[in-house]
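Here the structure comes first, spelled out in structure tokens, and everything after it is commentary.
Bear in mind these aren't lab numbers, they're just calculated from the coordinates by the rules spelled out. As the structure is a computational prediction, the values presented were derived from the model and not from experiment. Reconstructed Cβ throughout: ideal geometry from the backbone, glycine too, with neighbour counts over all protein chains shown.
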Amino acid sequence: MSVQAIEEKKKVVAEISDKFQSALSAVVVEYRGLNVAEVTELRRKLRAENIEFKVYKNKMTQRAVEGLGYGELSSSLVGPNAIAFGLEDAVAPAKVLVDFAKKHKALIVKSAIVEGKVVGEDVVKELSALPNREGMYSMLLSCLQAPIRNFAYAIKAVSEKEPVEDTVETKTETVEEVKSEEVVVEENTTDLETKEEAASEAAE
């Protein structure tokens, strides 16, 4: 093998390695049996989700994944394979491929690397049932907003109770005022009795 050929292979392996490292997920599928029209349709669906669909020689891909520590993936790299790299959404490749495979039995989902972990077909199918990126963000936002809503409800409840508390305070003040008036009346009564006693003594 010439030096040039070796260098070309090294470049391909480096390219594959970069793809795996930059992707949020990478799903390996076997496309044996799909016709040209079906492959074109699949590529269009993947492209719409910003997913790269690449076909590399298995030996080149095996070298790349083994160099990255994903040797478990090598067993899936047999036959006519293609790899879907999810660049923006880790769930998107699984969703598109699993959905397409339901209608086109010739497409076989084999394994994947998701968030740095090698997973099998079963996990890929489970991932396909998860919400897409927008759905996950919506769920996260809902979770973040829940404490705020609870706090708002608490504030509202407190504000609605304030008039009741004011009434209680008013009643308390009224009672205190009544007690104060009673004291004044008692004092006036005592003074009046004292004056009457003084007048009676003077008359005698």
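So the values come out like this:
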quantity: Residue selected from the stretch 49-90 under the condition of a type in the set (Phe, Trp, Tyr) and either in contact with a Leu (Cβ under 7 Å, 6 or more places away or on another chain) or closer than 19 Å to Tyr31 by Cβ (or both), by the criterion surrounded by the fewest Cβ atoms within 10 Å (Cβ to Cβ); calculated: Tyr56
quantity: Complete set of residues in the stretch 30-57 that are in contact (Cβ under 8 Å) with a residue 40 or more places away in the chain, part of a helix (DSSP H, G or I) and among the basic types (Lys, Arg); calculated: Lys45
quantity: Residues of the stretch 97-131 that turn out to be over 19 Å from Ser76 (Cα atoms) and assigned to a helix (DSSP H, G or I), as a count; calculated: 5
